[in-house]
Amino acid sequence: MPRPDRIATPATGGLALFRAATGLVLVALASYVMFDGVAAANRETRPAIAVQALPFDSLANAQLASRMQINPEAPDDRARARIHGATALMRDPTHAQAARAIGFVALEDADVAAATRAMTYAHWLTRRDLAAELWLIEYNVTRGDTRGALAHFDAALSSSTEIHATLFPVMAGAISDDRLIEPMADLLIKQRWWLPWALRHFADGPPPPKPDSPAPDAERMRRNAVNAAALFSRIAAGGVRFQPETLDALAARLPADRPDLRRSVQSLPRQ
């Protein structure tokens, strides 16, 4: 798993909160890769045997490239993963897992440009390769490209419910930064199938800190609640309707000295 400082040079300037929050995304990516490695070792298919029998079979080469990259068993497996991935794509250019394998091998060689091309190609092919999408989130955040990162949040959330518990809190915490309200609203207005669960995370706010973590900054929590209200108002203007319990949850955590916001939230259109 590549370190963030091998992904790209950090962009200068703001969005520090969003950038810091995506540390959770890297943890999720590492966990996903380990989980997929275990799964790969137990798949019923035997791509190595298939490649021996049919050396130019595209699916077998794609599966073998992915397996060798995720769970290398020999010193040269990652180099061989690149060869098998390239063979798969030459025979059938639609294998996203082969492109992703090539991308991660490129990262091992510190070739960020090649990795980005491969991961972007995997995204273009399917939008459902979770490992590629998680890497592209971190890559875009590190570059300071908020909208680019959110596009890959969209793809990741749409591809797997397993990642929701990681990404929704990141999104909910990120709107403490005023600059994220507009791009976040533009994403939510698309009304993906996961929207109701995302809205509840925005309403509830960032998760409580772990016992050994410092207490959350009171001003940041206040700003987060106020910005959540602004976000809800913006997406309501775009046609989003809300579950009553979601509006109640947000109203309950708004500052006591902002009764105007509470009334505004409670007046938003309900389902």
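The values are calculated or read from the model by the stated rules, or taken from the named source; none is laboratory data. Everything numeric in this text was worked out from a predicted model, so none of it was measured. Cβ atoms come from the backbone with ideal geometry, glycine included; neighbour counts cover every protein chain shown. All accessible areas refer to the heavy atoms of the entire protein, side chains included, with ligands and DNA or RNA removed. Shrake-Rupley method; radii C 1.70, N 1.55, O 1.52, S 1.80 Å.
The residues of the range 85-94 that are open to solvent by 30 Å² or more (accessible area, probe 1.4 Å) and either within 12 Å of Ser66 (Cβ to Cβ) or among the basic types (Lys, Arg) (or both) amount to a single one, Arg91.
Scanning the range 145-162 for residues that are open to solvent by 10 Å² or more (accessible area, probe 1.4 Å) and either under 23 Å from Met221 (Cα atoms) or aliphatic (A, V, I, L, M) (or both) turns up Thr146, Ala151.
Inspect all residues belonging to the range 82-94 and state whether any of them is small (Gly, Ala, Ser), farther than 18 Å from Trp124 by Cα and part of a helix (DSSP H, G or I). No, there is no match, as no residue in the range 82-94 is small (Gly, Ala, Ser), farther than 18 Å from Trp124 by Cα and part of a helix (DSSP H, G or I). Restricting the range 133-150 to residues that are more than 15 Å from Leu107 (Cα to Cα) and among the hydroxyl-bearing types (Ser, Thr, Tyr) leaves a set whose member that is modelled with the lowest pLDDT is Thr142.
Counting just the residues of the range 236-260 that are open to solvent by 30 Å² or more (accessible area, probe 1.4 Å) and not in a loop (DSSP other than H, G, I, E, B), which one comes out farthest from Ala225 (Cα to Cα)? Top of the filtered list is Ala237.
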